[in-house]
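Shown next, in structure tokens, is the structure this report addresses.
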Amino acid sequence: MRVSVVVAVYKDVQALSLIVEALKQQTYKNFEVVVAEDGQNEAMEKYIKSIQGLRVKHTTQEDLGIRKTRSLNNGIIASEGEYLIFIDGDCVPYSTFIQNHVALAEAGVVLSGRRVNLGPRYSAMLRSGKISSLRLERTFALRFPLIALDCKENHSEDGFCFSPTGLVYRMFLSKRRASTGLLGCNYSCFKKDMMAINGYDEGYGETAVGDDTDLEWRFRTYGCEVRSVKNVANVFHLYHSRGFRNSVDSTEALEQMRLNKANGLFECKSGVKQH
């Protein structure tokens, strides 16, 4: 199955370089990378043109503030894979990341992963090249106490990874459902299901509502099931200070989402089909 990994980026070329190196280590090989840039950064363009060993596409748009949903729709339109995996530009995938998403892929199912929050020390180690993501993944259990101490947030324990064909997954993890909602930084679906809901809703403006909160109820209303791949398809989340997005008042956007839900409008009015 051909997969398109859609990476949402904004200016952080160094983080993208870590993602690219991690994608080169993937155990699953039949994929392309779609870098969906919310802007037109010259350094980003130069770096992407230098990438070798991967099939890479690059979509851009004028930098007019946060327009992540439109940028991701650009990436969806450019994608050629029948299956889509979405990650953010500060999330570095494990080597089995694509393989495990694909192993559990089903029509009408959205797979919802989580991110392994790293603190400033381990993020700096990755960025400086003192440790590779592959090495960190393979030594995670030994380093876990230090990683947990370094992290200022929870979810370091999400770094433990289990095979979807193994005993732990079959006996315990497979019985879970996504309990904390879909995260836009790590999820996957068939492209036909994404097209059926018309992609991301660009009507929410700069708020994060359209990135993931809105997607989940629209997928469910359309008829998809959301399943958890926590501790199965993992990404390392690089530490950074809270961005501008978190200071944006989302009250109006949430009210609009409530009205959309009440009316069952799972196919958004401003999405991929309007490009």
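The values are calculated or read from the model by the stated rules, or taken from the named source; none is laboratory data. Remember, it's a predicted structure, so these values are computed and weren't measured experimentally. Cβ sites come from the backbone with ideal geometry, for glycine too, and all protein chains shown count toward neighbours. What goes into the accessible areas is simple: the full protein's heavy atoms, side chains included, and nothing from ligands, DNA or RNA. Shrake-Rupley method; radii C 1.70, N 1.55, O 1.52, S 1.80 Å.
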Rounded if a/c is under 1.5, else prolate if a/b is larger than b/c, else oblate: which is the range 75-178, with a ≥ b ≥ c the root eigenvalues of its Cα gyration tensor? oblate
I need to check one value: relative contact order of the chain, counting alpha carbon pairs closer than 8 Å and at least 6 residues apart, in percent. 25 percent
Cleavage-rule hits, trypsin sites (Lys or Arg not before Pro), the range 30-116, DSSP coil, Cβ neighbours within 10 Å at most 15: 55
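If you filter the range 1-43 for trypsin sites (Lys or Arg not before Pro), then keep DSSP loop positions with at most 15 other Cβ within 10 Å, what is left?
On the way: sites: 2, 11, 24, 29; in loops: 2, 11, 29.
Filter output for the range 1-43: 2, 11, 29.
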Trypsin sites (Lys or Arg not before Pro) within the range 200-245: DSSP coil, no more than 15 neighbouring Cβ in 10 Å: 242
Going from the alpha-carbon gyration tensor of the chain, what semi-axes, largest first and in whole Å, does one get by taking the root of 5 times each eigenvalue? 27, 22, 19
Given the options 211, 12, 88, which has the most mean-square fluctuation in a GNM of the chain, springs set between C-alpha atoms less than 10 angstrom apart? 12
If you roll a 1.4 angstrom probe over the protein chains with everything in place, what fraction of the accessible area of the range 183-275 belongs to carbon and sulfur, to the nearest %? 50 percent
Here the residues of the range 219-236 lying in the modelled label zone of residue 168, meaning backbone nitrogen under 12 Å from a point 7 Å along Cα-to-Cβ, are 231-233
Give the share of C-alpha pairs in each 10 angstrom bin for the range 68-116, from 0 to the last occupied bin, in whole percents, shortest bins first. 19, 52, 29
Less than 15 Å apart at the alpha-carbon level, and either on another chain or at least 8 residues along: which aspartates and glutamates does that give for residue 49? 21, 32, 37
Under the rule a/c < 1.5 gives rounded, and otherwise a/b versus b/c splits prolate from oblate, where does the range 156-215 land using the Cα gyration tensor? prolate
How big is the shadow of the Cα convex hull of the range 21-125, averaged over all directions, in nm²? 7.9 nm²
Expected output is a single nm value to one decimal: the length gained when fully extending between residue 152 and residue 25, i.e. 0.36 nm times separation in residues minus the C-alpha distance. What is it? 42.9 nm
When the convex hull of the Cα atoms of the range 126-199 is projected onto a plane and the area is averaged over all directions, what value comes out in nm²? 7.7 nm²
For the chain, report the accessible area per residue in Å² (1.4 Å probe, heavy atoms, rounded to an integer). 46 Å²
I'd like the accessible area for residue 225, computed on protein heavy atoms only with a 1.4 Å probe and all protein chains in place. Round to 10 Å², please. 60 Å²
Which percent of the accessible area of the range 119-182 is formed by carbon and sulfur heavy atoms (probe 1.4 angstrom)? 59 percent
If you take every DSSP beta bridge fully contained in the chain, what fraction is antiparallel? Give it as a percent rounded to 5. 30 percent
Got a sec to turn the phi values of the range 92-109 into Karplus ³J(HN,Hα) couplings, 6.51 cos²θ - 1.76 cosθ + 1.60 with θ = phi - 60°, whole Hz, x for Gly and Pro? 9, x, 5, 5, 9, 4, 5, 3, 6, 4, 5, 4, 9, 5, 9, 4, x, 10
Can you give the alpha-carbon Rg of the range 115-266 over 2.2 N^0.38 Å, where N counts its residues? 1.21
